[in-house]
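Nothing in this text is a laboratory measurement; each read-out follows from the coordinates by a stated rule. A quick note: this is a predicted structure, and the numbers were derived from the prediction, not measured. All Cβ positions, even for glycine, are placed from backbone atoms using ideal geometry, and neighbour counts span all protein chains on display.
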Amino acid sequence: MSFIASLRTPRGLITALLLVILAVLPLLTQAFDQRYLLSIGTRIVIWAIAAVSLNMILGYGGLVSFGHAVFFGIGGYAVGILSHHGVASGWIQWPVAIIAATLWAALVGALSLRTRGLYFIMITLAFAQLVFYVGGGLEAYGADDGLNISRSRFPGVIDLRDKASFYWLCFALLCGTLWFCSRFANSRFGLVIRGAKSNDLRMTALGFPVFRYRLAAFTLSGAFGGLAGILLANEGAYISPAMMSWVKSGDLIVIVVLGGMGTLFGPLYGTIAFFVLEESLKPILDLFHKGWGEYWQIVFGPMLVLIALYAKGGIDSLFGSPKEWRRHG
Amino acid sequence: MDYLLLQMLNGVQLGLLMFLLAAGLTLTFGIMDLVNLAHGSLYMMGAYIAWTLIGWTDSFVLGALLALPATFLLGIVVEAVVMRRLYVRDHLEQVLATFGLILFFNELVRVIWGPAGKSIAVPAFLNRTVEILPGVPYPAYRFAIIVVGAVVAVLLAWLVARTRIGMLIRAGASNRRMIGALGINIELLFSLVFGLGAVFAGLAGLMAAPLTSVKIGMGDDILILAFVIIVIGGIGSIKGAFVAAMVVGQIDIVGRAFLPDLLKTFLSASAASSAAPAISQVLIYVVMAGVLVWRPTGLFGQRT
């Protein structure tokens, strides 16, 4: 199905609209003088990159990784530590951060993909906690309090201190991540991962080395997670172990499930819904009674329970089931 | 030497607390096939409920004894309202729903008890030391935790190995559908087991309260340790949970107690004191990774 034809379906139309709004968000927030919205928008885009990367293994691969926020931390700390030691150039910081995230993902994947079920959930969580505690133990880099850093420098190319430029950079990287994910999902490699989700014994019997495929997917997913971490550190000019607390990993899973697992744009819908819910539940509760907004999670928690119980397909399934299932993207 | 002994006792005490938490978790997973992240919330609720009841009754023992049936009831309610619907779902949905429960309980505590932490005083009759060996004093309260923890562990072992309900629990762990088909009321069994797990979690929470403090999210970090313990021990195995809890307790305490001095030989004092707890935590996860690489289903887990 071509791009133009896909605009005729509700899913295509809504997605296209969403992308257009995201693309011009800095202009909108400037026109309406809502700077705060741009910073939320930036965080949405960065979290969406992480969610898309988690979706590659969680959604397409069916591997419940409960430690994905660790890549926020690794990407962020690589940038922060280099910047702290005077290496300000993004041309050095970013590749180092992505390589670090990739290597860590490869190591964790190699160990944890040997297990399955609850063991896999817990071992990914445990490895994330390990890095979390290391971050909290690094006295030189602020330990639990974290560290203020200066943003990565790309002299002559882009100034990350400019909010709008930084947003557009994040948005472009999100588009790149989505493009990569669509290539991944429809490639032979992606089909093996998806096949192994429904029946890994059959895939093994068909002669695919499922473990190696999954390890490759896990590693890729970690690399993109590291990218999100780089951006997150630059967004706040700040790193701390809290970036990679296990609650953030839980939030990422929530986002992917909320948006629609194993769908291309689901993680993006999920991220937007998650942040919009967070930002809107507070004022809505405040309307009922002043001060209740602070307790928004008392509503959000049970909502998660209901989503888990009754909304398997996520937001994406509201647009009907995708008709075409392309062999090649 | 005395110092080493005291620290090892602290490790045993911490291990027993974590065993109480892990026992409920491993039972619910082994029998109901349920990943319950909200188990730490029951630990927290146990502590908060005990704080209120101790305030009302003006007695630690009375308040604590009343808090146990209260957490049992809370467990039964949570099981009936949410968990029952989750047994047949996959792990991801269980993780998601119980993650939502954590958020709910943390906020609920903030609404009811306020954001500030509470403290429970060590009861007067335990606020002294006992001589565990001639000339080696040990805080009586910590010693009491060891005694209570050990008694509960023995009771649990007896319950599982020697009673009819324990027989059903073991049967349920090995084949759930079969005992249902044999005419056992598994819904009642599941409720009971969940309530029992809640009581253990609440007991651990209220016993830990005088040593730390009663605060929001107190159950979250220790919950992850409890999960590490059941994964090391093998999911569904009480014996495994006990062994792993002891190992983790020792690593944690001994790491905290001895690493700072060791690190000070080559690090600054402040760097050593902030790195040591991190390293002892890291060690726990390294042990877990090692065990899983060696035995992917834990030390005492069922082979598949």
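Please determine, in degrees from 0 to 90 and to the nearest 10, the orientation of helix B:140-162 with respect to the longest principal axis defined by the Cα atoms of chain B, where the helix direction is its Cα long axis.
30 degrees
What residues qualify as long-range amide H neighbours of B:VAL130, i.e. H under 5 Å apart, gap of 5 or more or another chain, H built at 1.01 Å from N?
Amide H neighbours of B:VAL130: B:TYR138, B:ALA140.
Farthest toward the dipole's positive end in chain B, which of B:PRO139, B:ILE120, B:ILE102, given Cβ charges of +1 (Lys, Arg) and -1 (Asp, Glu) about the Cα centre?
Checked the options; the winner is B:ILE102.
If amide H atoms are built 1.01 Å from N in the plane of the peptide, which residues on other chains or at least 5 residues away come under 5 Å of the amide H of A:PHE154?
Under 5 Å from the amide H of A:PHE154 lie the amide H atoms of A:GLY90, A:LEU160, each far enough along the sequence or on another chain.
What net charge do the residues around A:ASN234 carry, taking every other residue with its C-beta under 13 Å from that of A:ASN234, with Lys and Arg at +1 and Asp and Glu at -1?
+2
Quick one: angle between helix B:91-113 and the longest Cα principal axis of chain B, in degrees between 0 and 90, rounded to 10, please.
The two axes meet at around 60 degrees.
Take the Cβ-Cβ distance between A:GLN30 and B:SER59 as r, set R0 to 45 Å, and report the resulting FRET efficiency rounded to the nearest 0.05.
0.10
Using the per-residue mean of other Cβ atoms lying within 10 Å as a proxy for protection, in what order, highest first, do the peptides B:110-120, A:49-59 fall?
Ranked by mean Cβ neighbours within 10 Å, highest first: A:49-59, B:110-120.
Please give the charge dipole size of region B:151-239, origin at the Cα centre, charges +1 on K and R Cβ atoms and -1 on D and E Cβ atoms. Round to the nearest 20 debye.
360 debye
Please turn the phi angles of region B:237-250 into ³J(HN,Hα) values with the Karplus equation 6.51 cos²θ - 1.76 cosθ + 1.60 (θ = phi - 60°), one per residue in order, whole Hz, x for glycine and proline.
Once rounded to whole Hz, the list reads 9, 5, 4, x, 4, 5, 4, 5, 4, 5, 4, 5, x, 5.
Work out the charge dipole of region A:7-318 with +1 on the Cβ of Lys and Arg and -1 on the Cβ of Asp and Glu about the Cα centre, then indicate which of A:ALA273, A:ILE158, A:ALA185 is farthest towards its positive end.
Result: A:ALA185.
Can you pull a Stokes-Einstein diffusion coefficient for chain A at 10 °C (1.306 mPa s), Rh from Kirkwood over Cα pairs, as a whole number of µm²/s?
77 µm²/s
Once you charge only the Cβ atoms, +1 for Lys and Arg and -1 for Asp and Glu, what is the size of the charge dipole of region A:122-211 about its Cα centre, to the nearest 20 debye?
Charge dipole, region A:122-211, about its Cα centre: 580 debye, nearest 20.
Based on the alpha-carbon gyration tensor of the protein assembly as shown, what equivalent-ellipsoid semi-axes (square roots of 5 times the eigenvalues) come out, in whole Å, largest first?
Ellipsoid half-lengths, sorted descending, are 41, 29, 25 Å.
In square nanometres, what is the average projected area of the Cα convex hull of chain B?
Mean orientational projected area (chain B, Cα hull): 17.5 nm².
For region A:223-240, what does the Karplus curve 6.51 cos²θ - 1.76 cosθ + 1.60, with θ = phi - 60°, yield as ³J(HN,Hα) per residue in whole Hz, taken in order and with x for Gly and Pro?
Values, residue by residue: 4, 5, x, x, 4, 4, x, 4, 5, 4, 5, 6, 5, x, 6, 7, 10, 7 Hz.
Of B:LEU92, B:LEU6, B:VAL286, which is farthest along the charge dipole of chain B in the positive direction, counting Lys and Arg as +1 and Asp and Glu as -1 at C-beta?
B:LEU92
What order do you get for A:128-141, B:40-53, A:164-177 when each peptide is scored by the mean count of other beta carbon atoms within 10 Å, highest first?
B:40-53, A:128-141, A:164-177
Let's see if you can work this out: charge +1 on each Lys and Arg Cβ, -1 on each Asp and Glu Cβ, no other charges. What is the dipole magnitude of region A:7-318 about its Cα centre, in debye to the nearest 20?
The calculation lands at about 1100 debye.
Please average, across the residues of B:282-293, the number of beta carbons from any other chain that are within 10 Å of each residue's own beta carbon, and give a whole number.
5
Select from region A:85-192 those trypsin sites (Lys or Arg not before Pro) which occupy a DSSP coil region and have at most 14 other Cβ atoms within 10 Å, ordered by residue number.
Answer by residue number: A:ARG114, A:ARG161.
Over 30 Å between C-alpha atoms is what I'm after, so list which of A:LYS290/B:LYS215; A:LYS312/B:LYS118; A:LYS282/B:LYS215 land there.
Among A:LYS290/B:LYS215; A:LYS312/B:LYS118; A:LYS282/B:LYS215, the Cα-Cα distance tops 30 Å for A:LYS312/B:LYS118.
Could you name the aspartates and glutamates in cross-link range of A:LYS197, using Cα to Cα under 19 Å and dropping any fewer than eight places away on the same chain?
B:ASP90, B:GLU93
Please work out the Cα center distance from region A:1-67 to region A:172-189, rounded to the nearest Å.
Result: 13 Å between the Cα centres.
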